[in-house]
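Notes to accompany the following structure.
What follows is calculated from the coordinates using simple rules that are stated; it is not laboratory data. Please read these numbers as outputs of a predicted model, since none were measured by experiment. Cβ coordinates were reconstructed from backbone atoms using ideal geometry, including for glycine residues, and neighbour counts include every protein chain displayed.
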Amino acid sequence: LGNGFFKPNMTSIISKMYEGHDEKKDGAYNIFYMGVNAGAFLGIMLCGWVGEKVGWSYGFGLAGIFMFLGMLQFYFAQSLFGNIGDKPEKKSVEEKNKTHTVDNIKLNKFQPIDYILIAIFTISALIFIINDPLSKIGDIQTLNFTVAGMGDSLFFALLAGITFVLLLLVRLPRYEKIERDRMIAFAIFCIFTIFFWAAFEQAAGSLPLYTRDFTDRMLVGGAATTFKIVDLVVTVVPLLIITYVLLSLFRKTFKRIGLSNVILGISFLIVWAIVIYKLYVEYNSTETEIPITWFAILNSLFIIMFAPLFTKWWDSKYNPPAAVKYGLGLIIMAIGFGFLAYAATSVPMGAETAKLSVIWLVLAYLFHTLGELCLSPMGLSYLSKLVPARMIAFMFGVYYLSIAIGNKVAHYLGGDIEKISQESGLSYFFLIFTIVPIVLGLISFALHPVLKKLMHGIK
């Protein structure tokens, strides 16, 4: 629920900051994405390490502390945004709705049927969000019934999804052709988004299992020393860069938002203290086993490294069209799974453990990240470009719903890794995530002329 309030509003604020400068939005969302993943890098590295080495209650507690400090820092920095993000006055909104147009077309107000569908969707989604984890963790069924063989959780999930689609279909015809076409184009991008995240989010499901059971993480001698050096560099260098960026911001903004900067500074002192302690403990350890959570930081690390390069690319004359970006994202991600599929060919069918090189896993995370940078920030950017003002919050919901569906599909697919590995081999499992995204990427390339026409000049 908290993240539901957080994500759409942050991205909406960025859209407002670059209003009238659509050509800069691709780069802006890449910078935003890099900032988000700088936090993800530190969070996974520190909270994951504390969780594995000290206890998961401390790991989750540390995450909560930093979220609270982040909230305070943002709250006291609001003056930087001017009127962006403020609650609009009712009178000014009413006057704007009467006069403001998007491409000379009046904004589309919500009708009673819209509010009814929104209410049904909200109630159904909340019931699913509450009931689904309870039924899995404690076998608690808040509403224990079945409909056509479906349990209550699945029923309300489908009801929420169907209602959301109906709401979209009800509102789309009320717009003129240009707005309608652009939203249809964005809806097509959302379909590709579902498939992308269904594969990409194996990073939270099957890849940790692959890391635990099929990767050689025990290091001795020179290999252990090499890893300690790599871990030192991977940990300290990005943190030094982030600290340098923050110090530069401090110098420029301290007079305007001093308290916010003080809170941010305290947060990073805590980060540095934990990092130094972590490195001390790992350096003095007699045995070196690469933690499973260590590999999870690679995604965020690669984003920090490559996001500036992608920003330069999108700002250049070689900036590819939207359909090509989505296609590249899917195909490049598929190459990452191709490395895993190739590595797994040496694992005998039915084997429960193996000792494969960590290099294959690093290459997989690298190509997954490059694919993500082609697709994910662009989804936010094209949303702000293609969607009319009155529908932008709703379409943010469509976008994040597509990500949620992709995550749910990833959960079901990842849960079959052991079954598929036993029946067809581990390589076959990863080959599925290689072939399907490549096919979808080629379809995205083929749809370029259609999507270009639907976007009516938006690049």
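Shape analysis of region 170-241 yields a ratio of the Cα radius of gyration to the Kirkwood radius, Rg/Rh, of 1.35. Taking every Cα-Cα distance in region 239-293 and sorting them into 10 Å bins starting at zero, the pair-distance distribution P(r) comes out as 21, 38, 23, 15, 4 percent.
Normalising the average separation of contacting C-alpha pairs (under 8 angstrom, six or more residues apart) by the number of residues puts the relative contact order of the chain at 29 percent. A helix-only calculation puts the chain at -26000 deg cm²/dmol for mean residue ellipticity at 222 nm, using -39500 (n - 2.57) for each DSSP H run of at least four residues, averaged over all residues. Membrane-span-like helices in the chain, defined here as complete DSSP H runs extending at least 24 Å along the helix axis by their C-alpha atoms with mean Kyte-Doolittle hydropathy no lower than -1.0, are 25-53, 56-75, 112-137, 152-171, 177-200, 221-253, 258-283, 292-315, 322-343, 358-386, 392-414, 426-446; this is a sequence and geometry rule, not a statement about a membrane.
In plain terms, the residue of HIS368, HIS411, HIS21 with the fewest other Cβ atoms within 10 Å comes first and the most crowded comes last, giving HIS21, HIS411, HIS368.
Annotation: for a label point projected 7 angstrom from Cα along Cα→Cβ of ASP216, residues of region 322-362 with backbone N closer than 13 Å are 354-360. Taking every alpha-carbon pair within region 313-459, the share separated by more than 22 Å comes to 49 percent. When TRP294, TRP313 are arranged by Cβ crowding within 10 Å, least crowded first, meaning fewest neighbours, the order is TRP313, TRP294. Simple spin-label estimate for SER285 and TYR58 gives 1.4 nm between the two label positions (7 Å along the Cα-to-Cβ direction from each Cα). Around the amide H of THR288, modelled in the peptide plane, lie the amide H atoms of LEU219, all under 5 Å away and 5 or more residues distant in sequence or on another chain. Note on TRP272, TRP360, TRP49: ascending count of other Cβ atoms within 10 Å places them as TRP272, TRP360, TRP49, the fewest first. Amide H contacts of LEU356 (H built 1.01 Å from N, in plane; Pro and chain starts excluded): THR215, ASP216 sit under 5 Å, all sequence-distant by 5 or more or on other chains. Legend: translational diffusion of the chain by Stokes-Einstein, Rh = Kirkwood radius over C-alpha pairs, 20 °C, 1.002 mPa s; D = 88 µm²/s. Checked against a 20 Å cut-off, the cross-linked pairs LYS7/LYS408; LYS177/LYS453; LYS252/LYS312 give Cα-Cα distances beyond that limit for LYS252/LYS312. Projecting the Cα atoms of PRO388, PRO437, ILE405 onto the charge dipole of the chain (Cβ charges, centred on the Cα centre) puts PRO388 farthest toward the positive pole. Could you pull out every one of the aspartates and glutamates with an alpha carbon less than 18 Å from that of LYS53, ignoring same-chain neighbours closer than 8 positions? Candidates past the 8-residue exclusion: ASP231, GLU282, GLU287, GLU289.
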